[in-house]
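Working notes, structure below.
Every number in this text was worked out from the coordinates using simple rules, so none of it is lab data. Small disclaimer: the values here were computed from a predicted structure and weren't measured. Neighbour counts are summed over all protein chains in view; Cβ atoms, including those assigned to glycine, are modelled from backbone coordinates with ideal geometry.
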């Protein structure tokens, strides 16, 4: 068996090392997570003093907004950890009780499914918030019927995409590996 030419080996090593160009992007996602945390705390600080004067619907909408941000933060973490481990390098951290059980086990297919599931959940919560504000006379959240129709269509597109991705993954898992 002959060895590869030196130039080919160096080229392949360079290609492999290029994965580290993703590292600043993951660092940017950490900054995004910090930004989202600040926004979450700001929203929480806005809603807490109003708790005693809120109606039940206003309270539910406030909580849904916080849940929405929490799901977005979870999505960021999943992309951050799984993406880094799948495409850059394994995280050499403690394997103790504090480490989430899914870390190091989510492959690209699992990452896609978690991503689409989070997007569907976020879209569903946003749609629920709009539905709850209908007919309440809340001018800040007024949505015309055409916008509402498009929101439902987009949400159903996310749901359909998720189902199709899951079906494709299931079909791929059933086929013999070549």
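Under a Gaussian network description of the chain, with springs only between Cα atoms under 10 Å, the residue in 112, 42, 129 that fluctuates furthest is 42. Per-residue ellipticity at 222 nm from helix content only, as computed over the chain with -39500 (n - 2.57) for each DSSP H run of at least four residues, stands at -25000 deg cm²/dmol. The label point for residue 91 and the one for residue 146, both projected 7 Å from the Cα toward the Cβ, are 4.5 nm apart. Could you identify which residue out of 93, 116, 125 has the top mean-square fluctuation in a GNM of the chain using Cα springs shorter than 10 Å? Evaluated over the chain, the most mobile residue of the options is 93.
Model label sites at residue 51 and residue 172, defined 7 Å from Cα along the beta-carbon direction, differ in position by 4.5 nm. Normalising the average separation of contacting C-alpha pairs (under 8 angstrom, six or more residues apart) by the number of residues puts the relative contact order of the chain at 21 percent.
Using a cut-off of under 13 Å, list every residue of segment 113-131 whose amide N is near the label point 7 Å from the Cα of residue 165 along the Cα-to-beta-carbon line. Within reach of a label on residue 165, which here means backbone N under 13 Å from a point 7 Å along Cα→Cβ, segment 113-131 contributes 113-123.
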